[in-house]
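Trainee: Starting off with a structure, shown below.
The values are calculated or read from the model by the stated rules, or taken from the named source; none is laboratory data. Predicted model, so just to flag it, every value in this text is computed and none were measured. Every residue, glycine as well, gets a Cβ built from its backbone with ideal geometry; the counts of neighbours run over all protein chains shown.
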Amino acid sequence: ESAAGIAHVYRGTFVHATYHTAVEILEDRLLGVDTEGKIAFIGSGKEVDRLSQKWGFEAFAVTQLGQHEFFMPGMVDTHIHASQYSYAGTALDMPLLQWLNMYTFPVEACYKDLEFARNVYTHVVKRTLRNGTTTACYFATIHTDASLLLGQIANDLGQRALVGKVINSYPLVRPVVTPRFAPSCSATLLGHLGEIAQNNDLHIQSHISETKEEVSLVKELFPDYDSYTDVYHRHNLLTDKTVMAHGCHLTDGELKLFRETGASIAHCPNSNISLCSGMLDVRRVLNHKVKLGLGTDVAGGYSPSMLDAVRRTLDTSKALTIQDTQYHTLTFEEVFRLATLGGSQALSLDENTGNFEVGKDFDALRVNTDAAGGPIDLINHGEGPKVESNLLASSGDDRNIVEVYVAGKRVVPFVERP
Ligand code: GUN
Ligand code: ZN
């Protein structure tokens, strides 16, 4: 039981994933958040009198959700390049390795200028928060000062974040060891980074097997290793705090290594399609019992919205079904889980965030399906929370995310600081 006092109580529908079901719908619940931002209790709305006595809050102070409203957990973007937000959607006309040289590396060089960095990083944190990303796992650039600034901006605006390359310790922000990918590192460098991660128990992020050309390049550069995955593994870079983006072309043997080490995959479908990199078979990854979350991969992906990542994940899975009618398409419920609890597990942050469980931080989106200039409602398909959460995923946008909470604190709408 929480020792801290109750700061807020919300009554209404809560939709979330659990450890054993994809989507659980809790109707007419009362959820209390303590002064530390943690979920203190979840009870029945009918028991408001008993709970208010037990927990010492006034029944009239309860925030009551409206008819078309529900809370869902904040979404977890397991892979996003904050530095590439400046050109998102403007340059997707070549394959990965050319694209990196032509657009990405020149833009990233600009982050030696702190004012440039402040401008882009403020925009990307605000934009993703407004779109419901309560936790983001960011790539920054090689510039220490600009990376520190990204951590400060995320913390000040109230977003939970992992930031690579370098970061101070803030309550919401942690560092993540970030080798860009094997082709840009020597074996010696990878070895040092593995050591740093191990000695300090740090998160690790990188890219793996995004395109076939990249896989061939790694084979050429690292001829003495069994596979791309083996290059990271032999330098202690595959741990249960590792998240690797893409993994489109991993073999069964490599997925087995992911499973054994507890490393996870960030599936970034917008990027994989935009750069024509590959079609990750998410079902196959899940069958291997490898942890998987969703990522936007801005700016290989052109959208900073996790709702877009949800849609592209479903589309990619359906495209696989068109190719092979025996394919077991991902369900909406499974993908909702990947965007929330699945992502927090992929980042090994699920002790703190990912769903509504007593003791976790209250990282939540207040959704109103009636908010974007009229109901995104279907006369023929009835109402109710199941329909409402499906509607958000299929045709909702940031206008339907009316409030965002991180660690109990409302962070959207933005509060201008004095
Ligand atoms: N592989 C190495 N660097 C990058 C990057 O910036 N974006 C993507 N999509 N893949 C990469
Ligand atoms: Zn990336």
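The rows are residues; the columns are (1) modelled with pLDDT of 95 or more; (2) surrounded by fewer than 20 Cβ atoms within 10 Å (Cβ to Cβ); (3) on the phi < 0 side of the Ramachandran plot.
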residue	(1), (2), (3)
Ser274	yes, no, yes
Ser277	yes, no, yes
Leu280	yes, no, yes
Pro304	yes, no, yes
Leu307	yes, no, yes
Asp315	yes, yes, yes
Ala339	yes, no, yes
Ser348	yes, yes, no
Asp361	yes, no, yes
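Trainee: Residues that are over 26 Å from Arg311 (Cβ atoms) and within 15 Å of ligand 1 (Cβ to nearest atom): list the helices (runs of 4 or more DSSP H) wholly contained in region 169-283 that include at least 2 such residues. Spell out the reasoning first.
Mentor: Numbers: elements: 187-200, 212-221, 228-233, 252-261, 269-274.
Answer list for region 169-283: 187-200, 212-221, 228-233.
Trainee: Checking the condition touching a residue at least 40 places away in the same chain (Cβ under 8 Å), small (Gly, Ala, Ser) and more than 16 Å from Asp77 (Cβ to Cβ), which residue from Ala197, Ala136 passes? I'd like the intermediate steps shown before the answer.
Mentor: Numbers: Ala136 fails: more than 16 Å from Asp77 (Cβ to Cβ).
Of the residues listed, the single one that is touching a residue at least 40 places away in the same chain (Cβ under 8 Å), small (Gly, Ala, Ser) and more than 16 Å from Asp77 (Cβ to Cβ) is Ala197.
Trainee: How do the pairs read when you match residues in region 210-228 that are free of Cβ contacts under 8 Å to residues at least 60 places away in the same chain with residues anywhere that are among the aliphatic types (A, V, I, L, M) and part of a loop (DSSP other than H, G, I, E, B), using Cβ under 8 Å and keeping only pairs 6 or more apart or on different chains?
Mentor: Tyr228/Leu250
Trainee: Could you go through region 294-301 and let me know if any residue there is of a type in the set (S, T, N, Q), under 12 Å from Thr78 (Cβ atoms) and within 16 Å of ligand 1 (Cβ to nearest atom).
Mentor: Step one: filter region 294-301 for residues of a type in the set (S, T, N, Q), giving 296.
With under 12 Å from Thr78 (Cβ atoms) added as a condition, the list becomes 296.
With the extra rule that they be within 16 Å of ligand 1 (Cβ to nearest atom), the set shrinks to 296.
Yes, region 294-301 has at least one match.
Trainee: Still on this structure, please answer the following. Before we move on, is Thr144 surrounded by 20 or more Cβ atoms within 10 Å (Cβ to Cβ) and within 28 Å of Ala263 (Cα to Cα)?
Mentor: Values: surrounded by 20 or more Cβ atoms within 10 Å (Cβ to Cβ): no; within 28 Å of Ala263 (Cα to Cα): yes.
So Thr144 fails the test.
Trainee: Is at least one residue of region 133-145 within 16 Å of ligand 2 (Cβ to nearest atom) and either part of a helix (DSSP H, G or I) or in contact with a Cys (Cβ under 6 Å, 6 or more places away or on another chain) (or both)?
Mentor: Looking only at region 133-145, we keep the residues that are within 16 Å of ligand 2 (Cβ to nearest atom), and these are 133, 136-142.
Among the residues that remain, those that are also either part of a helix (DSSP H, G or I) or in contact with a Cys (Cβ under 6 Å, 6 or more places away or on another chain) (or both) are: none.
No, that holds for no residue.
Trainee: Give me the pairs, please: first residue somewhere in region 229-251 and modelled with pLDDT of 95 or more, second residue anywhere and among the aromatic types (Phe, Trp, Tyr) and assigned to a loop (DSSP other than H, G, I, E, B), beta-carbon distance under 6 Å, and either six or more positions apart or on two chains.
Mentor: Filtered contacts from region 229-251: Val231/Phe222; Val231/Tyr225.
Trainee: Look at Ser169 and say whether it is of a type in the set (Ser, Thr, Tyr) and at pLDDT below 95. Step through it out loud before you land on a result.
Mentor: Numbers: of a type in the set (Ser, Thr, Tyr): yes; at pLDDT below 95: yes.
Criteria met by Ser169.
Trainee: Filter region 296-325 down to residues that are basic (Lys, Arg) and without any contact (Cβ under 8 Å) to a residue 24 or more places away in the chain, then give me how many there are. Before the answer, list the steps.
Mentor: Kept after step one, since they are basic (Lys, Arg), are these residues of region 296-325: 311-312, 318.
Next, from what is left, pick out any that are without any contact (Cβ under 8 Å) to a residue 24 or more places away in the chain: 318.
Number of matching residues: 1.
Trainee: With Thr128, Thr122 as the choices, which residue is surrounded by 15 or more Cβ atoms within 10 Å (Cβ to Cβ), within 16 Å of ligand 2 (Cβ to nearest atom) and among the hydroxyl-bearing types (Ser, Thr, Tyr)?
Mentor: Details: Thr122 fails: within 16 Å of ligand 2 (Cβ to nearest atom).
It is Thr128.
Trainee: Could you list, in sequence order, the residues of region 59-100 that are assigned to a helix (DSSP H, G or I) and farther than 20 Å from Asn270 by Cα? Steps first, answer last, please.
Mentor: Here is the first cut: in region 59-100, the ones assigned to a helix (DSSP H, G or I) are 59-61, 82-87, 96-100.
Result: Ala59, Phe60, Ala61.
Trainee: Quick check on my filter: what residues within region 284-295 are part of a loop (DSSP other than H, G, I, E, B) and either free of Cβ contacts under 8 Å to residues at least 12 places away in the same chain or within 15 Å of ligand 2 (Cβ to nearest atom) (or both)?
Mentor: Once the filter is applied, which keeps residues that are part of a loop (DSSP other than H, G, I, E, B) and either free of Cβ contacts under 8 Å to residues at least 12 places away in the same chain or within 15 Å of ligand 2 (Cβ to nearest atom) (or both), region 284-295 yields only Gly295.
Trainee: Would region 40-58 turn up any residue that is buried (at least 17 other Cβ atoms within 10 Å of the Cβ), among the polar types (S, T, N, Q) and touching a Pro at 6+ places or on another chain (Cβ under 9 Å)?
Mentor: no
Trainee: I'd like the residue in region 363-410 that is farther than 25 Å from Tyr19 by Cα and of a type in the set (Asp, Glu) and, out of all such residues, is modelled with the lowest pLDDT.
Mentor: Of everything passing the filter in region 363-410, Asp377 is modelled with the lowest pLDDT.
Trainee: Restricting attention to region 15-39, report how many residues are touching a Pro at 6+ places or on another chain (Cβ under 9 Å) and assigned to a strand (DSSP E or B). Walk me through it before giving the result.
Mentor: Here is the first cut: in region 15-39, the ones touching a Pro at 6+ places or on another chain (Cβ under 9 Å) are 15-17, 25-27.
In the following step, the residues that additionally are assigned to a strand (DSSP E or B) were identified as 15-16, 25-27.
Going through region 15-39 one residue at a time, the tally reaches 5.
Trainee: Now a separate question. Any residue in region 19-37 that is not assigned by TED's automatic domain parsing to the domain that holds Val62 sitting within a Cβ distance under 8 Å of a residue that is surrounded by 15 or more Cβ atoms within 10 Å (Cβ to Cβ) and in a loop (DSSP other than H, G, I, E, B)? List the pairs, counting only those 6 or more apart or interchain.
Mentor: Close Cβ pairs satisfying both conditions: none exist.
Trainee: Going by the conditions given, is Pro106 surrounded by fewer than 22 Cβ atoms within 10 Å (Cβ to Cβ) and touching a Cys at 6+ places or on another chain (Cβ under 7 Å)?
Mentor: Details: surrounded by fewer than 22 Cβ atoms within 10 Å (Cβ to Cβ): yes; touching a Cys at 6+ places or on another chain (Cβ under 7 Å): no.
Taking the combined requirement at face value, the residue does not satisfy it.
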